[in-house]
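Below is one structure, written out as structure tokens, with a few remarks after it.
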Amino acid sequence: MVVRTDLGMGKGKIAAQCAHAAVGCYKQGLKMKPDYVRNWETFGQTKVALKADSLELLQELKVCLDRKFSTLLPFYDILKISS
């Protein structure tokens with residue numbers, strides 16, 4: 001998860017939005033890459049939370065991740081909602 005800190009959301013709203021994104025990723029993963037999801041479940045369901053202080057930084061991170069991990073699941077694209 002990468003949370004934009006410049007949006008001024010409260011902690012509860014951030015938690016709710018992250019939960020929505022996590023469920024969306026999980027459901028998408030079950031459809032597209034069920035073997036990846038099973039491995040993730042087997043090895044502790046690791047999650048990472050980061051923050052970004054601007055849309056530009058989030059977009060830059062997306063480009064880097066797409067380049068490095070293009071064979072993995074496409075991530076839940078919150079950019080469509082926030083831009």
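Which pairs turn up if I take residues in the range 4-32 that are farther than 17 Å from residue 48 by Cα and look for partners that are aliphatic (A, V, I, L, M) and surrounded by 12 or more Cβ atoms within 10 Å (Cβ to Cβ) with beta carbon separation below 7 Å, at least 6 apart in sequence or on another chain?
Qualifying pairs under 7 Å: 28/73; 30/37; 32/73.
Quick grid of which residues meet (1) within 15 Å of the chain's Cα centre (by Cα); (2) at pLDDT below 85:
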{"site": "6", "(1), (2)": "no, no"}
{"site": "16", "(1), (2)": "yes, no"}
{"site": "33", "(1), (2)": "no, no"}
{"site": "39", "(1), (2)": "no, no"}
{"site": "47", "(1), (2)": "yes, no"}
{"site": "50", "(1), (2)": "yes, no"}
{"site": "55", "(1), (2)": "yes, no"}
{"site": "70", "(1), (2)": "yes, yes"}
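Name the residue that is surrounded by the fewest Cβ atoms within 10 Å (Cβ to Cβ), counting only residues in the range 22-61 that are among the β-branched types (Val, Ile, Thr) and assigned to a helix (DSSP H, G or I). Reasoning before the result, please.
As a first pass, look at the range 22-61 and keep what is among the β-branched types (Val, Ile, Thr): 23, 37, 42, 46, 48.
Remaining after also requiring assigned to a helix (DSSP H, G or I): 23, 37, 42.
Values: 23: 11, 37: 19, 42: 8.
Only one residue fits best here, namely 42.
The values are calculated or read from the model by the stated rules, or taken from the named source; none is laboratory data. What you see is a predicted model, and the numbers here were worked out from it, not measured in a lab. For neighbour counting, all protein chains shown are included, and Cβ atoms are generated from backbone atoms with ideal geometry for every residue, glycine included.
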